[in-house]
1. Given the options LEU145, THR96, ILE8, identify the residue whose Cα lies farthest towards the positive end of the charge dipole of the chain (+1 on Cβ of Lys, Arg; -1 on Cβ of Asp, Glu).
2. To test your reading of the geometry: what angle, between 0 and 90 degrees and rounded to tens, separates the Cα axis of helix 110-123 from the longest principal axis of the chain?
3. Mind pulling the angle between the C-alpha long axis of helix 78-103 and the longest principal axis of the chain? Nearest 10 degrees, somewhere in 0 to 90.
4. Please give the per residue accessible area of the chain, computed with a probe of 1.4 Å over protein heavy atoms only, in Å².
5. Please provide three numbers in whole Å: the alpha-carbon extents of the chain along the principal axes, with the largest listed first.
6. Share of the chain's accessible area from carbon and sulfur, percent, 1.4 Å?
7. Putting +1 on Lys and Arg Cβ atoms and -1 on Asp and Glu Cβ atoms, find which of LEU19, SER125, ILE105 reaches farthest to the positive end of the dipole of the chain.
8. Go through the range 49-146 and name the trypsin sites (Lys or Arg not before Pro) that are in a DSSP coil and have 16 or fewer other Cβ atoms within 10 Å of their Cβ.
Amino acid sequence: MLTAVTAIGGLLGLIFSLLLLAKQTRDVSEQVRASNTLNATHGLDHTLQSLREIYFKMMEHPGARAYFYDNKPCPEAGEERERVLLLAELFADMLTDGLNVTSRIPGTVSHEGWSDYCKFIRDNSPVMQSLINEHPNWWPGLAALD
């Protein structure tokens, strides 16, 4: 009789421990999911901050925006060419960061919108097209966009 009571007590303790473990596992899973979403949001915020910095650089040099939005070809030589090429590299890095970040945010539509933006910039900027075509391994996400 004492053995049966002890066995039942041990079994009840085991069941309680398993239920508690299941709850703790679910809670940890929810915390990890929330943490991942927060980290992705921080990554997207960093990408958008980089985009703002590029816009500020464009504002310092009137006409620079046309090289990325209006199909204006890259200057052939000179300081303006160097500036546009540097902006293009910054742009490509920032766009790639955005693709990486938005692809990791679960359940968001940001990735589709960001991909569309990247395609627009790539397709409306001869300097971006040239840069990506010359170095597709530097920005594989941009090169692979359809």
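1. It is ILE8, whose Cα lies furthest towards the positive end.
2. Result, in degrees: 20.
3. For 78-103 against the chain, the angle is about 20 degrees.
4. About 66 Å² of surface per residue is accessible.
5. 96, 28, 22 Å, listed from the longest principal axis down.
6. Roughly 61 percent, rounded to a whole number.
7. The listed residue farthest towards the positive side: LEU19.
8. ARG65, ARG104
The values are calculated or read from the model by the stated rules, or taken from the named source; none is laboratory data. Being a predicted model, the structure only gives us computed values, none of them experimental. Please note: Cβ atoms are built from the backbone with ideal geometry, for glycine as well, and neighbour counts cover all protein chains shown. Side chains are part of the model used for accessible areas, which takes the heavy atoms of the whole protein and leaves out ligands, DNA and RNA. Shrake-Rupley method; radii C 1.70, N 1.55, O 1.52, S 1.80 Å.
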